[in-house]
Structure formats: structure tokens, C-alpha cells
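Here the structure comes first, spelled out in C-alpha cells, and everything after it is commentary.
Only the coordinates and a few stated rules stand behind these numbers; no lab work does. Here the structure is a predicted model, which means the values were calculated and not measured. Note that we place each Cβ from the backbone using ideal geometry, even for glycine, and neighbour counts take in every protein chain shown.
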Amino acid sequence: MIQPVPSTATIFQNLPGHWTLERDLGPTGKFSGNVTFHMAEPEKAGFLRYREEGILERGDGKRFDGYREYDFVLHEKPPAIEMLFRDPLSFGNRYVLLQFGEDTADEGYSARDIHTCGEDFYHHCMIWYDRNHFETKIKITGPKKDHLLHSIYHRKPSA
């Protein structure tokens, strides 16, 4: 059965909550943890804070605590989800602008954008499957980089 294509607004409205995260970093290792999407500023409709926390396990077996934050902003025209950096060096700058199209990837609904960082390119793809599962695939290329970050998100069951 073919599922109806969700709007960008519907995808955005289904992000809030708690998710598990498994990220394959290729030869570098893996990251496992939890993600929360929440309204950081209730007066700002269409604005979500993303925070991931977990353990980075490098290929050599060493383990480190880690976290990352972004702001997700819903745009109406054109319909898109903008991801903004929250780290001190790039705070408030755009990482990517995700415009979901009719194209599908692995039976999901996808959006793509490219972020340039110096001589490196981050080819970001978000694949939305349903309100309980999405993935990102980020292909990083540059003079000294050539690897894929594959992240799988599953919504945590309600308590």
C-alpha cells in the first residue's frame, strides 16, 4: 500500500519527542545515544531545538561522551526545514536547508542539501520513513576526507 506523501510541515510537527540514535562513522567508529527535539522557546512556532547525547566509540576501542545541538526552523515558502548550528564558532549559521521533494530513497521521502566547510563538502540527505523512523546520510568529501556518516533514528516508546 502506498503511503501518502507527508508535507514538510507534517514531518516537522512529528519531530518533537525522544529518539534513539545509532550512527555509523565508517572506519572512525560509531556513536550511540539519545536525541531530543523540543520547543526551546514556546513563543517561537516552527522552531525546535535538537540535542543528541551519547557515546562515541572509536575504531581503536576508545570511548568518549559526546553531544551536539542544532536548531531546526520550519519555513513555509518554500517549504523547508533549516538546520542552524549551535556550536560557539558557527552559532546561528545555516548548516543545511532541507526541501523535501517527490523523490523517494529506500521507500522514504527525502531532502538533500550541501554544506561547504573550507575545502570540504557535506552532502546531507534526510530520509523520512514515518513518524517513528528517519535516517540521515552525510557523505563528506574534500582533499583529505572521503567518508559517510549514516545515522538511524527511532522514536522511543511513550512511557
For the condition touching a Leu at 6+ places or on another chain (Cβ under 9 Å), touching a residue at least 24 places away in the same chain (Cβ under 8 Å) and not acidic (D, E), what is the one hit in G59, G17?
G59
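Every residue, every condition in (1) closer than 24 Å to L25 by Cβ; (2) assigned to a strand (DSSP E or B); (3) in contact with a Ser or Thr (Cβ under 9 Å, 6 or more places away or on another chain), yes or no:
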residue	(1), (2), (3)
G101	no, no, yes
R112	yes, yes, no
C125	yes, yes, yes
L149	yes, yes, yes
H154	yes, yes, yes
Considering only the range 64-79, state which residues are surrounded by 15 or more Cβ atoms within 10 Å (Cβ to Cβ) and either of a type in the set (K, R) or assigned to a loop (DSSP other than H, G, I, E, B) (or both).
R68, P79
Return the total of residues in the range 48-63 being in a strand (DSSP E or B) and over 16 Å from G33 (Cα atoms).
2
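Could you grab me the full set of residues in the range 1-39 that are under 21 Å from R131 (Cβ atoms) and assigned to a loop (DSSP other than H, G, I, E, B)? Give the steps one after another, and end with the answer.
Taking the range 1-39 and keeping what is under 21 Å from R131 (Cβ atoms), we get 1-23, 33-39.
Those that are under 21 Å from R131 (Cβ atoms) and assigned to a loop (DSSP other than H, G, I, E, B): M1, I2, Q3, P4, V5, P6, S7, N14, L15, P16, M39.
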Complete set of residues in the range 1-35 that are surrounded by fewer than 17 Cβ atoms within 10 Å (Cβ to Cβ), within 20 Å of F72 (Cβ to Cβ) and among the polar types (S, T, N, Q):
S7, T10, Q13, N14, T20, N34
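From G118, G101, which residue is surrounded by fewer than 17 Cβ atoms within 10 Å (Cβ to Cβ) and on the phi > 0 side of the Ramachandran plot? Talk me through it step by step, then tell me what you get.
On the way: G101 fails: on the phi > 0 side of the Ramachandran plot.
Matching residue, one of G118, G101: G118.
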